[in-house]
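Inspection log for the structure reproduced underneath, given as structure tokens.
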Amino acid sequence: MEKWETDAWQRVEADRTRMLYRQAPGAVAVTLAVSTGLLVAHTPAFDPLALAWGGVMLLLAACRASLAWAFAHAALPHLSIRAWDQLYAAVVLLMGVNFGIWPVMFFPEASADERLLGGLVLGGMAGGAMAVLSARRWLALTYGALLLVPGGAALIALGGTPERVAGVLALVYWVAMVVSVSATNRSVTDALFLSHRNQQLLDETDRQRAAVAEANHELERTQEALEETNRDLEQRIVERTTDLERLAAHDGLTGLANRSQLVQLAQHFLDPNAGPLAVYFLDLDGFKEINDSLGHVVGDSVLREVAGRLMSTATEAVALARWGGDEFVIVARRGPSADRDVQFAHALLGALRQPIYRDTLALRVDGCIGVAFWPEDGEDLDELIHGADLAVYAAKAAGTGQVRCYTDDLARVGRRQSRIKQALGQAIAARDPGLRVFYQPIFDAATRRIVSAEALVRWHHPLFGDVEPNEFIPLAEQSGDITALGQVVIDAVCRFAASVPAERLPTIAANVSAQQLRHPRFLSSVEHALSHAGLDPRRLTLELTESAFATDAEQLETMMHRLERLGIRFAIDDFGTGYSSLSYLQRLPARTLKIDRAFVAAIDGTGRPIVEASLSLAAAFGMEVIAEGVEEASQAEVLVALGVTRLQGYFLARPMDEDAMRALLL
Ligand code: C2E
Ligand code: CA
Ligand code: CA
């Protein structure tokens with residue numbers, strides 16, 4: 001049997017018991033009434049036995065009623081339903097026995113009328129019991145049997161024909177009762193069972209519905225939690241995105257707009273209805289030195305200070321951005337004239353020039369500004385920045401603290417420069433014969449004998465013609481081609497010098513740029529050039545301009561020391577034009593100072609004290625001095641009088657090609 005069936009049956013049993021008890025009050029009342037009727041109809045009227053019988057019946061009726069009361073009021077909660085059932089059945093059966101005793105005890109002495117009445121009453125009782133006890137078939141049948149069989153038997157045994165007929169009828173009635181009770185009982189059972197099954201199914205449905213509801217509820221809660229989490233997540237994503245946007249839009253160091261933000265902003269400020277604009281491109285001077293000598297922390301704080309000053313000066317600016325390292329872009333509405341815009345640029349530079357105090361240091365930065373105007377100098381931000389960038393380049397060439405406005409000439413120069421860069425790169429890669437090395441002799445001032453020669457690169461291009469080294473060397477430095485170009489020159493120099501006896505040409509000088517020297521393979525490439533040509537390293541001098549030491553001097557110094565160990569010598573070129581600290585000069589392994597030709601040209605005026613100072617410095621450090629750019633005899637005279645021992649310049653010899661140089665030496 002399945003669980004639900006067992007359950008249902010258990011409930012059916014319980015129901016049956018309940019049905020029995022529910023009928024109890026009526027049954028007790030009927031029983032008492034019928035018993036009283038039997039006693040009243042009995043003769044003799046006060047038969048003690050009959051009264052005793054009635055007393056027993058009364059007792060049992062009381063028991064049955066009490067049980068019914070206790071059941072209805074759940075007075076004995078520890079009793080199982082089965083126990084209630086059995087108790088009830090016991091009392092009912094005892095009643096049945098008591099009824100069954102009546103005909104056995106009293107029919108023999110009774111009149112025929114009393115016997116017939118008794119039989120009728122008992123038959124009626126049995127009929128009533130059929131309904132009242134139908135919930136318990138065996139109880140109904142046993143009770144019916146107790147009521148009918150003794151009475152029926154007594155009637156048959158004791159009486160005449162009518163009584164016998166009644167007795168037989170009573171027995172037949174009992175048989176009919178068996179059939180009827182069974183049928184009633186079955187339908188009661190079925191009804192109960194079905195109703196319980198129904199209830200079970202309903203309960204089951206309810207439970208399932210409840211479970212579904214609970215699951216739904218749980219689902220809703222989960223959904224809510226999920227939505228909450230999602231909202232949370234969305235919120236965080238929004239916050240993160242704004243953070244990212246801010247980071248993406250702003251320069252992390254200065255908090256100014258960055259390049260991409262400026263490009264975005266440009267869509268808004270390049271608006272024909274809003275009027276013309278000026279784009280200022282600011283490039284700092286001296287920042288690299290601060291960064292290199294004092295470190296990035298100080299460098300960063302200087303950049304922040306610069307940003308702050310720009311912000312407080314350019315209050316009317318449409319946009320203010322950090323473009324890159326030490327470059328800033330300011331976009332502002334145009335003033336009433338271009339002069340006013342240039343004035344504004346100078347005001348910006350003026351704000352930067354105020355010393356920046358960091359710890360005990362008063363740091364100074366300056367800068368140059370290139371200006372481009374919208375709409376005349378460019379259609380979009382790209383063109384404007386490019387124009388302003390060209391202008392700042394021109395400003396830098398003119399010196400620090402300069403402002404230049406974009407002109408079409410600058411664009412032309414810019415275009416020429418990029419073409420030259422490209423052509424030069426190709427010429428170097430192809431070892432183009434248009435790239436040649438010229439030599440300019442250096443003379444001993446006293447003996448006028450050649451003591452050295454400076455190698456100077458020359459470039460002839462089929463379209464550009466002869467391009468000045470002063471033009472293409474800086475471009476080669478920008479493009480990085482200087483390393484390869486320098487290698488070409490050093491190879492040629494070593495080959496040429498090795499082909500000339502040392503007595504005729506004791507040393508030879510080649511110009512090297514700082515970038516070249518910093519290249520990791522420079523040392524090995526020089527070694528290779530020397531050994532390949534078979535040149536004594538002591539005959540090779542490398543010229544480095546003073547300005548090369550402006551940045552990262554330590555690295556250069558280390559490299560110079562390594563080369564010096566090979567026997568190579570160094571000269572400081574263009575001395576007096578750049579930044580150099582005396583302590584540095586002392587530490588460098590340089591044997592020669594080359595006085596820049598600007599001071600030679602001005603030897604009768606401002607150049608003289610510088611030449612004198614350079615000479616005493618060189619004497620103090622045990623260095624030799626070469627005066628460059630000597631164009632006139634008078635200049636040579638003065639220089640010699642001041643103590644210069646080596647001379648180089650057009651007055652003595654112009655740079656010449658290898659063949660001419662060899663011819664001069666031999
Ligand atoms: P620099 O090293 O100062 O070279 C001397 C420059 O002065 C040369 O110009 C030379 O022709 C010029 N010069 C010599 N005597 C006189 C004179 O009496 N009067 C005048 N007005 N000029 C004179 P150049 O050859 O045009 O070279 C210019 C610069 O290009 C050089 O200046 C040097 O810095 C650079 N340069 C030349 N060749 C090379 C090279 O192979 N490598 C590197 N890195 N730089 C080079
Ligand atoms: Ca030189
Ligand atoms: Ca020079």
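Those residues that are without any contact (Cβ under 8 Å) to a residue 40 or more places away in the chain and under 30 Å from the mean Cα position of the chain (by Cα), I need them from region 296-339; list them, please.
Once the filter is applied, which keeps residues that are without any contact (Cβ under 8 Å) to a residue 40 or more places away in the chain and under 30 Å from the mean Cα position of the chain (by Cα), region 296-339 yields His296, Val297, Gly325.
Pull up region 353-380, narrow it to residues that are outside any loop (DSSP other than H, G, I, E, B) and open to solvent by 20 Å² or more (accessible area, probe 1.4 Å), then point me to the one that is farthest from Asn291 (Cα to Cα).
Pass one, region 353-380, residues outside any loop (DSSP other than H, G, I, E, B): 353, 356-358, 361-363, 366-374.
Remaining after also requiring open to solvent by 20 Å² or more (accessible area, probe 1.4 Å): 353, 357-358, 361-362, 366, 374.
On the way: Arg353: 17, Tyr357: 15, Arg358: 13, Leu361: 14, Ala362: 14, Asp366: 14, Trp374: 34 Å.
Result: Trp374.
State yes or no: is Ser547 open to solvent by less than 30 Å² (accessible area, probe 1.4 Å), within 16 Å of ligand 1 (Cβ to nearest atom), among the hydroxyl-bearing types (Ser, Thr, Tyr) and in contact (Cβ under 8 Å) with a residue 24 or more places away in the chain?
no
Being open to solvent by 80 Å² or more (accessible area, probe 1.4 Å), assigned to a helix (DSSP H, G or I) and of a type outside the set (D, E, K, R) is the requirement here; does Gln208 meet it? Don't jump to the end; show me each part of the working.
Values: open to solvent by 80 Å² or more (accessible area, probe 1.4 Å): yes; assigned to a helix (DSSP H, G or I): yes; of a type outside the set (D, E, K, R): yes.
Judged against the criteria, Gln208 is a match.
Return the only residue of Leu666, Leu652 being among the hydrophobic types (A, V, I, L, M, F, W, C), within 21 Å of Leu505 (Cβ to Cβ) and either open to solvent by less than 20 Å² (accessible area, probe 1.4 Å) or within 16 Å of ligand 3 (Cβ to nearest atom) (or both).
Numbers: Leu666 fails: either open to solvent by less than 20 Å² (accessible area, probe 1.4 Å) or within 16 Å of ligand 3 (Cβ to nearest atom) (or both).
None of the other options fit; the residue is Leu652.
Of the numbered conditions (1) part of a helix (DSSP H, G or I); (2) under 30 Å from Tyr584 (Cα atoms), Ala663 satisfies every one except a single condition; which is it?
Condition not satisfied by Ala663: (2).
Identify the residue in region 155-178 that is at pLDDT below 85 and of a type in the set (Val, Ile, Thr) and, among all such residues, is nearest to Ala140 (Cα to Cα).
Across region 155-178, the extreme among qualifying residues is Val178.
Going residue by residue through region 495-513, is there one that turns out to be in a helix (DSSP H, G or I) and within 12 Å of ligand 1 (Cβ to nearest atom)?
Step one: of region 495-513, the residues in a helix (DSSP H, G or I) are 495-498.
Then drop every residue that is not within 12 Å of ligand 1 (Cβ to nearest atom), which leaves none.
No, region 495-513 contains no residue that is in a helix (DSSP H, G or I) and within 12 Å of ligand 1 (Cβ to nearest atom).
Taking helices (runs of 4 or more DSSP H) that do not extend beyond region 575-635, which have at least 3 residues that are under 60 Å from the mean Cα position of the chain (by Cα) and within 16 Å of ligand 2 (Cβ to nearest atom)? Spell out the reasoning first.
Working: elements: 582-587, 597-601, 607-621.
Result: empty, no element qualifies.
Determine whether region 497-512 contains at least one residue that is more than 16 Å from ligand 3 (Cβ to nearest atom), within 54 Å of the chain's Cα centre (by Cα) and not charged (D, E, K, R).
Among the residues of region 497-512, not one is more than 16 Å from ligand 3 (Cβ to nearest atom), within 54 Å of the chain's Cα centre (by Cα) and not charged (D, E, K, R), which makes the answer no.
Any residue in region 539-558 that is part of a helix (DSSP H, G or I), at pLDDT 95 or above and either within 16 Å of ligand 3 (Cβ to nearest atom) or in contact with a strand residue (DSSP E or B) (Cβ under 7 Å, 6 or more places away or on another chain) (or both)?
Within region 539-558, the subset part of a helix (DSSP H, G or I) is 539, 546-550, 553-558.
Those still in the list that are at pLDDT 95 or above too: 539.
Within this subset, residues satisfying the condition of being either within 16 Å of ligand 3 (Cβ to nearest atom) or in contact with a strand residue (DSSP E or B) (Cβ under 7 Å, 6 or more places away or on another chain) (or both) are 539.
Yes; the residues of region 539-558 include at least one that is part of a helix (DSSP H, G or I), at pLDDT 95 or above and either within 16 Å of ligand 3 (Cβ to nearest atom) or in contact with a strand residue (DSSP E or B) (Cβ under 7 Å, 6 or more places away or on another chain) (or both).
Against the condition modelled with pLDDT under 85, surrounded by fewer than 18 Cβ atoms within 10 Å (Cβ to Cβ) and outside any loop (DSSP other than H, G, I, E, B), how does Pro77 come out, does it pass?
No.
Of the numbered conditions (1) within 30 Å of Phe287 (Cβ to Cβ); (2) open to solvent by 30 Å² or more (accessible area, probe 1.4 Å); (3) in contact with a Pro (Cβ under 9 Å, 6 or more places away or on another chain), Leu563 fails exactly one; give the number of that condition.
(2)
Output yes when any residue across region 164-179 is surrounded by fewer than 12 Cβ atoms within 10 Å (Cβ to Cβ), of a type in the set (Ser, Thr, Tyr) and assigned to a helix (DSSP H, G or I), and no when none is.
Looking for residues that are surrounded by fewer than 12 Cβ atoms within 10 Å (Cβ to Cβ), of a type in the set (Ser, Thr, Tyr) and assigned to a helix (DSSP H, G or I), one finds none in region 164-179, hence no.
The values are calculated or read from the model by the stated rules, or taken from the named source; none is laboratory data. The shown structure was predicted, so the numbers you read here are calculated from the model rather than taken from an experiment. Counting neighbours? That spans all protein chains shown, and the Cβs are built from the backbone with ideal geometry, glycine included. When the accessible area is computed, the model is the full protein with side chains, heavy atoms only, and any ligands, DNA or RNA have been set aside. Shrake-Rupley method; radii C 1.70, N 1.55, O 1.52, S 1.80 Å.
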